[in-house]
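The values are calculated or read from the model by the stated rules, or taken from the named source; none is laboratory data. If you're wondering where the values come from, they're calculated on a predicted model, not measured in any experiment. A quick note on method: Cβ atoms are made from the backbone with ideal geometry, for glycine too, and the neighbour counts reach across all protein chains shown.
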Amino acid sequence: MTTRHLIMETFRENATPRTLFSREPRLTLTQAFNIITAELPQSTSVIFQPYKGRITPDIFPFCGPALAIDRDKPEPTHLCYELRPDLHSAIIHRIKVTGERGKGIGTALMASQYPFWRQMGVQALAVHAHGMSEGFYAKLGFRRMNRLPEFDVDATVLTMMRLDLTDPVQKNQFENALQRHPAAALKNSGLTL
């Protein structure tokens, strides 16, 4: 039987018992890990990395820690995001699905984190979309934006998209998409590396 893995290599020297996930509630990394992985397979690894004074979880639902951190192997399925408590938002840095696309794995990864985001007071999701990913985010309810508070560039450089969870139409579209591909699908997918 495999167990979930919490990887905090970069925090060993500068360990801190509290994180900057949000202003309230303040969570330890272990508490955040338990919430983040609640809906994920037992094989899940989470790497917490410091990023611009905040902490970014990188979630690998189908592999143990050795594969998650092995840069010589193909990049495994994962979701990486950053919480911005100052803006009540989360920035999606990357969703990577290894293998067949269109099976709902990316949406199920988002669904697995939605309870955590709600608990942390997230009111919006933001992303730099590119290529085929723009259609993925649009199906979830994200809208193209010219400027976002989460990014310090304008849309002439990148395609920026945002999902406003305080907007009932966008929130409803997002939650409906998550219901079609719930986080439980990750546990039942049978996918491994």
State which residue is modelled with the highest pLDDT when the search covers only the stretch 71-80 and only residues that are over 26 Å from Gln123 (Cα atoms) and in contact with a Leu (Cβ under 8 Å, 6 or more places away or on another chain).
-> Pro76
Taking only the stretch 72-88 into account, find how many residues are over 17 Å from Phe62 (Cα atoms) and among the aliphatic types (A, V, I, L, M).
-> 2
Leu83: modelled with pLDDT of 85 or more, within 21 Å of Arg180 (Cβ to Cβ) and among the aliphatic types (A, V, I, L, M), yes or no?
-> no
Residue that is surrounded by the most Cβ atoms within 10 Å (Cβ to Cβ), among those in the stretch 95-105 that are on the phi < 0 side of the Ramachandran plot and free of Cβ contacts under 8 Å to residues at least 40 places away in the same chain = Val97
So Gly131, is it in contact (Cβ under 8 Å) with a residue 40 or more places away in the chain, out of contact with any Phe, Trp or Tyr (no Cβ under 6 Å at 6 or more places or on another chain) and more than 27 Å from Thr30 (Cβ to Cβ) | no
Residue that is under 23 Å from Cys63 (Cβ atoms), surrounded by 18 or more Cβ atoms within 10 Å (Cβ to Cβ) and either in contact with a Leu (Cβ under 9 Å, 6 or more places away or on another chain) or modelled with pLDDT of 90 or more (or both), where the choices are Ala124, Ala185, Ala108 = Ala108
